[in-house]
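Okay, so here's the structure we're looking at.
Readers should treat all values here as calculations from the given coordinates under stated rules, not as data from a laboratory. Keep in mind the model is a prediction, meaning the values are calculated, not measured. All Cβ positions, even for glycine, are placed from backbone atoms using ideal geometry, and neighbour counts span all protein chains on display.
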Amino acid sequence: MSEQEIRKILEDNNQYLLLKHLDNLSEDKRSILIANLKKLDISSFFNIVKGTKDQKKFQYSEIKPAEVLENSKVDESLFRSYGEKALKNGEVAFFMVAGGQGSRLGFEHPKGMFPISPVCSKTLFQMHCEKIHASGKYYGFTPRLFIMTSSSNHDETVKFFNENGRDWLNLNDIYFFKQRDLPAIDMNGNLILIGETSLFTAPDGHGGALLALKENNMTSIMHKLGIKYLSYFQVDNPLVKLADPVFLGLHIFNNADISSKVLAKRDASEKVGVAAIADGNPCIIEYSDLPYELAIKKDDDGKLLFNYGSIAIHIFSVDFIDRITTDALHLPYHIAKKKIPYFSPDTGYLINPETLNGIKFEQFIFDSIPLANKTVFYETLRDDEFAPLKNKEGDDSIKTCKDGISLFYKNWFKKAEIKFDNYEQATVEVSSLFAIEYEQFKNKIENYINKVPIRLYIE
């Protein structure tokens, strides 16, 4: 694409500020900026922008709650056998989405490097990898881990694993790849500069993960390794139960393309997407897209009608990913209004705004659910599997995440009838290298400890 063609695209999309900036640059700098615009496939980006403008905020004519398999009503022994067989046969791999930075935590590094375990301060990466390693050892298979990074944290993530990862997993069994970046626009629709010759870009959301797998040949690798199922999770939830044989068995038994764990919402305002049937199709409706009158509506038992929220824990069949990641795949883009730093050509400085000034474009992975021939929603419990690390303080914060990890393991001790010096004050951490399931823990702990002190770590 020539410079003239790039300029025509900018003109057709009212990018007069950027065109003026191009005219004021030296020839060398102008060439660099034009090259950057080419790499970003700017024509396709404006089609995305147009598509989001054409979307209606709420576009379903009929919506009702999805059928959810409740935790207490599932025949665990039946489904466990299916899941354990797939694990032992090496048909399961792990897919960690880890493209985020820890900026909201005051931590300017990949979020996976944040030290979060309540006693040992293990990083999120270490906690997940130890769990994966222990799963492979427990079920007798070689665990493979696929990690999706972003341009902003890829190099630092790979470096961190090269320096530390061999203590957790075989580095040859870890596959890194980057998701796509997209430009952003300001509130007036102008592309945002981050420097004199470069545009601000941001990852295209976790929904870009499926296409990124295909484009980076990860699904081809999976087929060669005999991997049929992907255990998908996000890096910021240290409580996720990986290699869950019951969940996996449910997926296999139902011949599902994608299965999702959900849990009862804290309240109507909790910011999680809800499991629903919209116009006859199972889906997750993002909390911001669910009308308020439906979000607060209750059933005859006084529970929220849309009670089950998604927590970004899924099983994908690899064949399903292959089937949908074609030129015909068009997951919708969602807009997110953010504070975006921008370069001012007038002053020559980078400005950090104090108010929302820009729009990012993201895809959500759960928007692939309506494309599935069969999908399953399975209930899990908050204390068992959800302690996300999102914020420095408040809900889903560093403190609530550490408390959630400790509570999970305290409940193991309590269930095993091990006494505490002080249950409320105790801080407890159990390495996955010691146990990945309660039954394994129970068998090992009986002759290991008689009483839980105020602070305890077991490996």
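Considering only 69, 420, 202, the residue lying farthest towards the positive end of the dipole of the chain is 420, judged by Cα position with unit charges set on Cβ. Amide H contacts under 5 Å for residue 281: none, restricted to partners 5 or more places along the chain or on a different chain, H placed in the peptide plane at 1.01 Å from N. About its Cα centre, the chain has a charge dipole of approximately 560 debye under the convention of +1 per Lys or Arg Cβ and -1 per Asp or Glu Cβ, with nothing else charged.
Comparing 315, 48, 157 along the charge dipole axis of the range 40-393, the residue lying farthest to the positive side is 157, per the Cβ-charge model. Summary of packing: across the peptides 353-364, 94-105, the per-residue average of other C-beta atoms within 10 Å ranks them, highest first, as 94-105, 353-364. For residue 30 and residue 70, the difference between the fully extended length at 0.36 nm per residue and the C-alpha to C-alpha distance is 8.5 nm.
In the chain, the DSSP beta bridges split such that about 60 percent are antiparallel, to the nearest 5. Listed by chain and number, the lysines placed with their C-alpha closer than 16 angstrom to that of residue 111 are 122, 159, 178, 390, 392, 399, 402; residues fewer than eight positions away on the same chain are left out.
Convex hull volume of the Cα atoms in the range 40-393, per residue, in Å³? Mind dumping the intermediate values first?
Working: hull volume 55.8 nm³, N = 354.
Normalising the Cα hull of the range 40-393 by residue number yields 158 Å³.
Summarising the amide proton neighbourhood of residue 340: residues at separation of 5 or more, or on other chains, whose placed amide H is nearer than 5 Å comprise 357, 358. Packing-based ranking of 77-88, 196-207 yields 196-207, 77-88, ordered from highest to lowest mean Cβ neighbour count within 10 Å. Taking the Cα centre of the range 93-212 as the origin and placing charges on Cβ (Lys, Arg +1; Asp, Glu -1), which of 188, 118, 101 is farthest toward the positive end of the dipole? In the range 93-212, that residue is 118. Three principal axis extents of the range 47-188 based on alpha-carbon atoms, in descending order, are 55, 43, 30 Å.
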